[in-house]
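The values are calculated or read from the model by the stated rules, or taken from the named source; none is laboratory data. In this text, all values refer to a predicted model and were calculated from it rather than measured experimentally. Using ideal geometry, Cβ is built from the backbone for each residue, glycine included, and neighbour counts are taken over all protein chains shown.
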Amino acid sequence: MLKLMIADDERMIRESISSLINWNSLGIELIGSCSDGIEAYNMILDESPDIVLTDIRMPGISGLELVERISQTDMDIQFIILSGFGEFEYAKQAMKYRVHHYLLKPSNEEQIIESMKDVIKEYYHRRAFKDLQDRQKALTCHLHYSVLANIINEGIFMEDGSSPAWEVYSGFMDFCYTGYELCYLHYLEEPLLETALQQIYDYMTESAPGIAVYSIYVKNTLILFFESHQVSYELLDDFMIRLARNNQSVTLDYHRNSYSNLIQLIEALTAKIRRYGMIYFMNGLRPVPICNYKNLIEKLEQLTTLLMEADMAEQQMGLKELKDTLHDISNPDFLKQAGSRIIIKLTAGNRYGSSIVATEYLMTLNQQTDPEIIRNMLMEKINRILEDSLETTRSYSPFIEKVIQYVENNLDNPSLTLKWIADNYLFMNVDYVSARFMKETRQKFSNYLTTQRIQKAKKLLAEGHAEQIQWIAEKVGCGNNPQYFSQIFKKNTGMSPSAYVKQMNGGELYPPN
């Protein structure tokens, strides 16, 4: 139940509101009432109510001052302002603190209940939005973790002077324009690793909420890196130095380097750790091994390249060899690591972004623990990607290419039809264009158009626009009709847009750590 607190200096008003309404029937617990602003402030600090119904004028501090003080904390409280006649202009000042609920004295039971229902609805909406943001953050961290694991893997096995294929990964995270910090904690013995990591994670959660920390452990050295987010890191350095003084057989050595972007950091990092046989990329507190299977990695690289560039006959030979190679890998973590590396490279460059294709798949793959299931899933997905790739790289007639390009550039047009394109853009007979489109793409224009709209909608939803369904509907050509957009989205994906967002953010497929 939501917790409610009432603050008003008039005893009759406090008692009337407290006793007039059956709060339990609204899902609310009345936890107390206060006669002045100071008492109300202290009760808020002690009881953390979800809703506060407060008078605008009270002894000690006013209701407006109460709202202002609470807005400076991290408490998420919904306020309802009680104001007398002539005080409404004064009460409107509370709007800058996101207070949008007012009751004019005297208020009857119906008015109070209606106002309270609005607040309850807004409270749960805000909480659902925060939960969605948390799930999106978990998904983003998980995807970035997988991408970084692949890149570090790739960098470890590169010859000197070579670099990972940054353009392949550029659709997943920023490698060029965001600064990063790289910290080393040398001589950290393995039995102390988990305790030290937990202390570091706790510190970063408190001092830099929202900043993802990635960690590697190799040869008694803990390596941490994260986005640059402060002008000075003196407090972090002091914390790490104190941590280094913890009792163990050898005194720890700490130092930190700054890099202007992630590419520079990874190149420096992989140059230092590639000589070791076993490297652990920490997933939270769980060490995930990056095994130095150099020959195996090189072979998978060659086979992936072959699949991307070969003709159909060579592809079939490459698929058989790839299946045999994956069969030789028994470690499920390494198998998923190698498989996700292949999938990311094969899906890079899709029309609406490889991150959508990769994310939907990798979330399911990373749940698996049975090597046989992982291998079967990988081969099925690789075959599907190659089939789709064959369709997208098929050579079309110049005017069919123009149709495809026009669709891509005008997906937001709700009136887009093949007839309009044929008459006004190609200046050709629509029946002829329709027959050729069907023959060359192997699908009707309407199916193609719907598929492109759904793919773009998925991309926008995955980018964090889930609260802007009307805007997405307009962007994908459904006009000012979010209900119609939701209907066609569900018809084509089997789930509503909100269910898709929940799945993409770990709702049922990948529970957060």
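Here are some notes:
- Qualifying residue in region 247-256 (condition: β-branched (Val, Ile, Thr), farther than 16 Å from Met173 by Cβ and assigned to a loop (DSSP other than H, G, I, E, B)): yes
- Candidates are the residues of region 200-221 that are of a type outside the set (A, V, I, L, M, F, W, C) and part of a strand (DSSP E or B); the one that is surrounded by the fewest Cβ atoms within 10 Å (Cβ to Cβ) is Thr221.
The rows are residues; the columns are (1) assigned to a strand (DSSP E or B); (2) acidic (Asp, Glu).
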site: Glu194; (1), (2): no, yes
site: Gln198; (1), (2): no, no
site: Ile223; (1), (2): yes, no
site: Leu243; (1), (2): no, no
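- Looking only at region 283-293, residues that are closer than 17 Å to Ser340 by Cα and either at pLDDT 65 or above or not in a loop (DSSP other than H, G, I, E, B) (or both) come to 5 in all.
- Residue that is farthest from Leu182 (Cα to Cα) [pool: residues in region 228-271 that are at pLDDT 85 or above and of a type in the set (D, E, K, R)]: Arg242
- Where Ser415 falls short, out of the listed (1) assigned to a helix (DSSP H, G or I); (2) surrounded by fewer than 13 Cβ atoms within 10 Å (Cβ to Cβ); (3) not acidic (Asp, Glu): (1)
- Only one of the numbered conditions (1) surrounded by 17 or more Cβ atoms within 10 Å (Cβ to Cβ); (2) assigned by TED's automatic domain parsing to the domain that holds Met312; (3) free of Cβ contacts under 8 Å to residues at least 60 places away in the same chain is violated by Leu426, and that is (2).
- Verdict on Lys299 being surrounded by 15 or more Cβ atoms within 10 Å (Cβ to Cβ), free of Cβ contacts under 8 Å to residues at least 40 places away in the same chain and not hydroxyl-bearing (Ser, Thr, Tyr): yes
- Selection within region 304-316: residues that are part of a helix (DSSP H, G or I) and over 32 Å from the mean Cα position of the chain (by Cα). The member of this set that is surrounded by the most Cβ atoms within 10 Å (Cβ to Cβ) is Gln315.
- The lone exception for Glu301 - which of (1) over 16 Å from Ile151 (Cα atoms); (2) under 29 Å from the mean Cα position of the chain (by Cα); (3) in a helix (DSSP H, G or I); (4) modelled with pLDDT under 85 it fails: (1)
So that you can scan it fast, the table gives a plain yes or no per residue for (1) closer than 14 Å to Met282 by Cβ; (2) among the charged types (D, E, K, R); (3) out of contact with any Pro (no Cβ under 9 Å at 6 or more places or on another chain):
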position: Leu193; (1), (2), (3): yes, no, no
position: Leu197; (1), (2), (3): yes, no, yes
position: Pro209; (1), (2), (3): no, no, yes
position: Tyr217; (1), (2), (3): yes, no, no
position: Ile223; (1), (2), (3): yes, no, yes
position: Tyr233; (1), (2), (3): no, no, yes
position: Leu236; (1), (2), (3): no, no, yes
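- When residues in region 1-50 are screened for being farther than 18 Å from Ile61 by Cα, among the acidic types (Asp, Glu) and modelled with pLDDT under 90, 2 of them pass.
- Residue check, Val119 under 16 Å from Asp50 (Cβ atoms), in the same structural domain as Val52 (by TED's automatic domain parsing), modelled with pLDDT of 75 or more and crowded, with 16+ Cβ neighbours inside 10 Å: no
- Subset of region 200-211 (residues that are under 17 Å from the mean Cα position of the chain (by Cα) and over 14 Å from Cys183 (Cβ atoms)): Pro209, Gly210
- Any hit, region 83-92, residues being farther than 30 Å from Ala462 by Cβ, of a type in the set (Gly, Ala, Ser), out of contact with any Gly (no Cβ under 9 Å at 6 or more places or on another chain) and modelled with pLDDT under 80: yes
- Residue match in region 161-182 (condition: among the small types (Gly, Ala, Ser) and farther than 29 Å from Met363 by Cα): yes
- Residues that are among the hydrophobic types (A, V, I, L, M, F, W, C) and within 16 Å of Leu411 (Cα to Cα), drawn from region 470-502: Trp471, Ile472, Ala473, Val476, Cys478, Phe485, Ile488, Phe489
- Failed condition for Trp166, given (1) modelled with pLDDT under 70; (2) of a type in the set (A, V, I, L, M, F, W, C); (3) surrounded by 13 or more Cβ atoms within 10 Å (Cβ to Cβ): (1)
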